[in-house]
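Report on the following structure.
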Amino acid sequence: MMCAVSFQASGQTSELTLQEVLEKYNDVSPFVIIKSDITRRSFVYTDRALQALDKDKHQYQQRVLIGSNGDEHAAVPVSLLLRDGTSIIAMPSPGARNPYVVDRIDGKLYITDQGRVVEEVEYWYKPHYYDQFTSSGKPMWQVASARPQRLDIDPNSHCHFWSGGNGCKFCNINANSTRSHKERNMEKQLKAQDVYETVKEALKQPGAFTNLKMSSGSILSGQEIFDDEVDMYIEMLQAAGDNFKERKFPSTLVASAFNERQLAKIYENTGLMTYTSDIEIPNEALFAWICKGKHKEVGYREWKRRIIAAVDIFGAGNVSSGIVGGCEMAKPHGIKDEDEALKIVLEEAEDFASQGVSMVHCVWVPMQGSAFHNQVTPSLEYYVQLAKGLSGIRQKYRLNIDMDNYRKCGNHPDTDLDRGIGGATFQCH
Amino acid sequence: MPLISGRIQTLLQDPQATKVLATADKLGSPHIILDSTITSNEQGQIIYLELIETSQTNVNLVNSIWFKRKVAIQLSGTGEVYLIKGYPVYSIISGPLFEHYYKLCAARNPEFDLSTVWVIEPDEVSEDTYEARKSKERAEHPLVMHLDRLAK
């Protein structure tokens with residue numbers, strides 16, 4: 001199927017509008033399409049919508065690795081939720097060229113486009129533990145952030161790959177953590193006792209969370225590369241795990257590509273149940289350009305091999321790999337044609353799936369503080385086809401994506417789609 | 001005037017009433033469940049509490065909210081039956097309302113782990129007893145009957 005752009009008589013390309021994409025892909029969840037486009041185009045709030053933010057009820061600041069931790073002086077909702085429970089992991093972008101507008105109309109919040117109502121939205125609620133403090137005086141929201149059903153703990157928000165300009169070009173992790181440290185005294189590293197106390201408090205709220213996720217910037221030091229990162233996760237996962245009555249608990253680690261010895265060490269010494277290491281750009285040449293540090297220190301093929309090797313430890317369906325969907329088209333070295341880019345990405349995703357690893361995508365946002373902040377993302381249609389393609393590959397290989405589904409993470413339009421086909425009914429190999 | 005009021009509202013609040021929810025999957029294959037806990041809220045919307053995340057009903061309701069497909073609820077008490085058709089309009093998985101129903105489920109049975117609060121907006125309501133259906137048939141299709149019914 002031809003995708004994305006049509007050529008006008010003038011020779012200029014014209015993308016399909018949201019409405020045109022909704023009509024063309026009427027077998028795809030409209031919520032997933034809307035979410036993808038809101039993430040891609042970003043959004044702004046009207047004053048009326050901002051007045052609906054209740055600082056006692058809603059989240060307006062959050063510790064995140066990538067993006068922004070918010071500004072306590074200008075309270076803005078952390079993010080949005082759609083009527084079907086679909087999360088939108090996005091925030092207003094000052095440089096957005098054609099953003100959606102969140103407005104308040106007749107007492108309800110809506111995402112609008114050029115004055116037209118697109119869908120009803122809701123602000124993310126603030127969990128009960130958020131305004132409490134650990135015994136060391138740390139605000140608990142700075143220890144664990146919360147998505148609508150997930151507890152996020154990111155123990156180290158500094159990435160060593162950035163040394164010497166080797167950070168991934170789509171990422172703003174160090175820029176974000178440095179700014180937050182400077183302006184708000186947010187520490188880049190967490191302490192295990194703070195993690196233990198925050199998780200303990202979070203679990204007191206009935207029905208609030210279905211998963212605990214940990215992630216961090218890469219730590220290259222140790223006897224072997226990543227050894228110190230592995231030890232940090234073990235310490236933190238053990239601290240969190242002390243709050244559970246069973247040894248293993250629904251949990252995900254999004255981390256560097258550890259070797260088999262390191263993976264086994266984490267699995268055997270913690271309650272961790274699932275593992276993700278993001279391949280980011282599923283193409284060796286582009287990985288070498290965009291993820292320069294990762295390619296230099298580990299290499300694309302070895303990074304991929306390690307992810308697949310994790311299936312032997314965690315089991316099929318319990319290992320996934322994320323990509324920054326659309327970043328494969330970044331200029332100047334990215335793939336220029338959307339159909340060609342889609343083909344390359346889906347072929348690599350199928351190779352992963354055939355070996356027990358789900359590939360999931362987020363929508364690339366050219367963020368402030370990243371090397372790619374001035375780039376332009378592919379068309380909405382590209383993202384719809386990418387989500388359909390990745391979900392279809394999982395169906396073909398009967399891969400369960402419970403570990404990274406609409407509720408566990410919410411940042412993957414493709415796993416949102418699995419919800420509509422009974423994703424969890426697929427049997428693991 | 002809300003579609004759900006009076007006797008129907010009372011039946012929806014009655015845990016002894018029989019309540020059946022019918023849904024269909026993406027390909028139209030039907031599925032039904034019997035769930036006496038189906039109720040309604042103050043806005044006259046129907047509330048269904050899904051306890052199993054990956055149940056066929058939950059998957060079907062997801063497709064219904066995505067593609068604006070109706071579901072049906074049959075409600076019956078002593079000598080009365082109603083058929084309600086409507087659209088799922090909210091799938092609530094977090095926030096204060098979810099927490100309210102999560103606690104309610106846990107109070108019913110500590111084993112219950114609520115997945116989703118479904119809000120269904122009624123679109124059609126009809127009486128569904130045999131007498132009501134037959135009366136409608138006679139009024140709208142007077143030619144459709146066996147003649148021996150009219151014999152002296």
| request: Please turn the phi angles of segment A:347-362 into ³J(HN,Hα) values with the Karplus equation 6.51 cos²θ - 1.76 cosθ + 1.60 (θ = phi - 60°), one per residue in order, whole Hz, x for glycine and proline. | output: 5, 6, 4, 5, 5, 4, 4, 5, 10, x, 10, 7, 9, 10, 10, 10
| note | Amide H proximity to residue A:211 below 5 Å, modelled H, separation 5+ or other chain, gives A:151
| Calculated from backbone phi, Karplus (6.51, -1.76, 1.60) coupling profile of segment A:369-381 in Hz, x at Gly/Pro | x, 9, 5, 9, 4, 9, 7, 10, 7, x, 6, 4, 4
| Cα→Cβ-extended label distance, 7 Å offset, between residue A:185 and residue B:74, nm | 6.6 nm
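Return the loop-located GluC sites (Glu not before Pro) in segment A:199-279 (DSSP other than H, G, I, E, B) with at most 15 other Cβ atoms within 10 Å of their own Cβ; answer none if there are none. The partial results should precede the final answer.
Values: sites: A:201, A:224, A:229, A:235, A:246, A:260, A:268; in loops: A:224, A:246.
Filter output for segment A:199-279: A:224, A:246.
Ranked by accessible surface with a 1.4 Å probe, highest first, in what order do A:328, B:124 come?
On the way: A:328 0, B:124 80 Å².
These residues rank, largest area first, as B:124, A:328.
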| request: Mind listing the long-range amide H neighbours of residue B:89? Cut-off is under 5 Å, sequence gap 5 or more, other chains count too, H placed in the peptide plane at 1.01 Å from N. | output: B:119, B:120, B:121
| task | Once every Cα of segment A:79-147 carries one equal point scatterer and solvent is ignored, give the base-10 log of I(q)/I(0) from the Debye formula at q = 0.16, 0.19, 0.25 Å⁻¹, two decimals. | result | -0.70, -0.85, -1.10
| note | In nm, the gap between the two label points placed 7 Å beyond Cα toward Cβ at residue A:120 and residue A:54 is 1.6 nm
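Considering all alpha-carbon pairs of chain A, what whole percent are spaced by more than 29 angstrom? Don't jump to the answer; show the numbers that get you there.
Details: 39519 of 91806 pairs.
Here the long-distance tail beyond 29 Å is 43 percent of all Cα pairs in chain A.
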| task | Calculate, in whole percent, how much of the Cα-Cα pair population of segment A:217-357 lies beyond 26 Å. | result | 28 percent
| said: I'd like the distance between the alpha-carbon centres of segment A:113-159 and segment B:131-152, rounded to an integer number of Å. | reply: 63 Å
| How about segment A:104-168: which trypsin sites (Lys or Arg not before Pro) there are in a DSSP loop, with at most 13 other Cβ atoms within 10 Å of their Cβ? | none
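Report, to one decimal in Å, the Kirkwood hydrodynamic radius for segment B:18-112 based on all distinct Cα pairs. Don't skip to the end; give the middle numbers.
Details: mean 1/r = 0.0704 Å⁻¹.
Over segment B:18-112, the inverse of the mean reciprocal pair distance is 14.2 Å.
Which of rounded, prolate, oblate describes segment B:68-135, given a ≥ b ≥ c as roots of the alpha-carbon gyration tensor eigenvalues and a/c under 1.5 marking rounded, otherwise prolate only if a/b is larger than b/c?
Note, shape of segment B:68-135 comes out oblate.
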| For segment A:168-285, accessible area per residue (1.4 Å probe, heavy atoms of protein chains only), Å² | 40 Å²
| query | Tell me, what is the 1.4 Å probe accessible area of residue A:404, in Å² to the nearest 10? | reply | 10 Å²
| note | Listed residues B:126, B:55, B:36; largest mean-square fluctuation, Gaussian network over chain B with Cα springs below 10 Å, found at B:55
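Only four residue types carry charge here, +1 at the Cβ of Lys and Arg and -1 at the Cβ of Asp and Glu. Report the dipole size of segment B:1-146 about the Cα centre in Debye, rounded to the nearest 20.
Working: 13 positive and 18 negative charges, 64 e Å.
My answer is approximately 300 debye.
Over the Cα atoms of segment A:207-262, what is the Rg over Rh ratio if Rh follows Kirkwood? Walk me through the intermediate numbers first.
Details: Rg = 12.5 Å, Rh = 12.4 Å.
When Rh is taken as the Kirkwood radius, the ratio is 1.01.
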| note | With Cα springs under 10 Å, the Gaussian network model of chain B assigns the largest mean-square fluctuation among B:94, B:40, B:76 to B:94
| said: Whole angstrom only: what separates the Cα centroid of segment A:175-197 from the Cα centroid of segment B:1-58? | reply: 46 Å
| What is the set of long-range amide H partners of residue A:360 at a cut-off below 5 Å, with H atoms built 1.01 Å from backbone N? | A:321, A:322, A:323
| If one takes the longest principal axis of the Cα atoms in chain B, at what angle in degrees, from 0 to 90 and to the nearest 10, does the Cα axis of helix B:56-67 lie? | 80 degrees
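Just the number: Rg to Rh for segment A:47-203, Cα atoms, Kirkwood Rh, two decimals. Before the final figure, lay out the partial values.
Details: Rg = 16.8 Å, Rh = 17.0 Å.
That ratio equals 0.99.
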| said: Between A:191, A:388, A:24, where does the largest GNM mean-square fluctuation fall for chain A, given springs only between Cα atoms within less than 10 Å? | reply: A:24
| field | Phi-based couplings in Hz for segment B:87-96 (Karplus 6.51, -1.76, 1.60; Gly and Pro marked x) | value | 10, x, 10, 9, 10, 9, 10, 7, x, x
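The values are calculated or read from the model by the stated rules, or taken from the named source; none is laboratory data. The model shown is predicted, which means the values in this text are computed figures rather than measured ones. Note: ideal-geometry Cβ built from the backbone for every residue, glycine included; neighbour counts use all protein chains shown. To get the accessible areas, we keep the full protein, side chains included, count just its heavy atoms, and leave off ligands, DNA and RNA. Shrake-Rupley method; radii C 1.70, N 1.55, O 1.52, S 1.80 Å.
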